[in-house]
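Undergrad: Before we start, here is the structure in question, set down as structure tokens.
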Amino acid sequence: MTFQKPEPMVKSFTCPNCSVYAMQNWSDLMTQFGGRGGWTRQKDMVVGLCDHCSKITLWLEKEMIFPSRASVPIPNDDLNSDIKKDYNEAASIVEKSPRAAAALLRLVIEKLCKRQLGEKGKDLDECIGNLVKKGLLVKIKEALDIVRVIGNESVHPGEINLNDNKDVAYKLFEIVNIIAQNRITEPKEVSKLYDSLPKEKLDGINKRDKK
């Protein structure tokens, strides 16, 4: 199931407590002080209960205030350790500073393209174009354009863009993992399956390819 960003009062999302895409049950927040009087509804506050783990999320208007950690996709396991570190740092600040998280994630994308994938383009735009020629889905390039990572309205990796918001930051988390899945994980899995074939089958394939 694709990661679904948590939002108040939606039917289902990826729970920040258990990381499972699950149905959420919603209720107003009611309080009673000192055991006296009736229950009072707290204005603009709601509580979500996850159907999978039975843990809650607490929201003030559109802001999730508990748990305090963001619910973002975990970084692809095939990412280099320094890239994962930057990714996780962005995850730790995205709720409090989405602009800073987005700036850090642009740096993550540059590191992924240039350091781990070995692209030599003069800028990120050229790197992504080269990856598209090698098989990166065109839709990924379009997604990067949408969040102003490349193209005429590009922002340099690591720079703060005053127009960034949580939606941009959350899209960047997903894009990092999509690029890693498409260019690292899937080819590795295909190679693993190919190498697991019996030797006689591999020999037959090699003879066929030489014809």
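Undergrad: Give me log10 I(q)/I(0) at q = 0.26 Å⁻¹ for the stretch 37-87, Debye formula, one equal scatterer per alpha-carbon, no solvent.
TA: Scattering profile of the stretch 37-87, log10 relative to I(0): -0.99.
Undergrad: What's the whole-number percent of alpha carbon pairs in the stretch 34-150 lying beyond 21 angstrom? Don't skip to the end; give the middle numbers.
TA: Working: 3756 of 6786 pairs.
Tail of the P(r) past 21 Å holds 55 percent of the pairs.
Undergrad: Using the structure shown, list the pairs from K141/K192; K84/K139; K62/K171; K11/K85 with a Cα-Cα distance above 25 Å, or answer none. Mind showing how you got there, number by number?
TA: Numbers: K141/K192 27 Å; K84/K139 23 Å; K62/K171 18 Å; K11/K85 32 Å.
Long pairs (Cα-Cα over 25 Å): K141/K192; K11/K85.
Undergrad: Using only DSSP helix segments of four residues or longer, with each worth -39500 (n - 2.57), what per-residue ellipticity at 222 nm results for the chain after dividing by its residue count and rounding to 500? Let's see the in-between values first.
TA: Numbers: 7 runs with 83 residues, N = 211.
About -12000 deg cm²/dmol.
Undergrad: Can you pull the percent of the chain's accessible area that's carbon plus sulfur, 1.4 Å probe, other chains left in place?
TA: Values: 6680 of 12750 Å².
After summing per-atom areas, the C and S share lands at 52 percent.
Undergrad: Let me ask something else. Any idea how far apart M30 and I65 come out in nm if each label point goes 7 Å out from Cα toward Cβ?
TA: Modelled inter-label distance: 2.0 nm.
Undergrad: Would you mind working out the accessible area per residue for the stretch 78-211, using a 1.4 Å probe, and quoting it in Å²?
TA: On the way: 7790 Å² over 134 residues.
With the other protein chains kept in place, the stretch 78-211 gives 58 Å² per residue.
Undergrad: Here's something else I'd like to know. For a quick size check, give me the Cα extents of the stretch 83-192 along its three principal axes, largest first, whole Å.
TA: In descending order, the Cα extents are 41, 30, 22 Å.
Undergrad: Starting with the highest mean, order 11-19, 99-107 by the number of other Cβ atoms within 10 Å, averaged over the residues of each peptide. Please list the in-between numbers first.
TA: On the way: 11-19: 16.9, 99-107: 23.6.
So the order, starting with the most tightly packed, is 99-107, 11-19.
Undergrad: Using the Kirkwood formula on the Cα atoms of the chain, what hydrodynamic radius do you get, in angstrom to one decimal?
TA: Details: mean 1/r = 0.0506 Å⁻¹.
For the chain, inverting the mean 1/r across all distinct Cα pairs yields 19.8 Å.
Undergrad: Show which aspartates and glutamates lie in cross-link reach of K188 when reach means a straight Cα distance below 17 angstrom and same-chain residues fewer than eight apart are skipped.
TA: Answer for K188, where 17 Å is the Cα cut-off: D77, D78, listed by chain and number.
Undergrad: Where a Cα-Cα gap under 14 Å defines reach, which aspartates and glutamates qualify for K134, not counting those fewer than 8 residues away within the same chain?
TA: Within the straight-line limit of under 14 Å, K134 reaches these aspartates and glutamates: E119, E126, E186.
The values are calculated or read from the model by the stated rules, or taken from the named source; none is laboratory data. No experiment lies behind these values; they were computed from the predicted model shown. Note that we place each Cβ from the backbone using ideal geometry, even for glycine, and neighbour counts take in every protein chain shown. Protein only, heavy atoms only, side chains kept; ligands, DNA and RNA dropped before computing areas. Shrake-Rupley method; radii C 1.70, N 1.55, O 1.52, S 1.80 Å.
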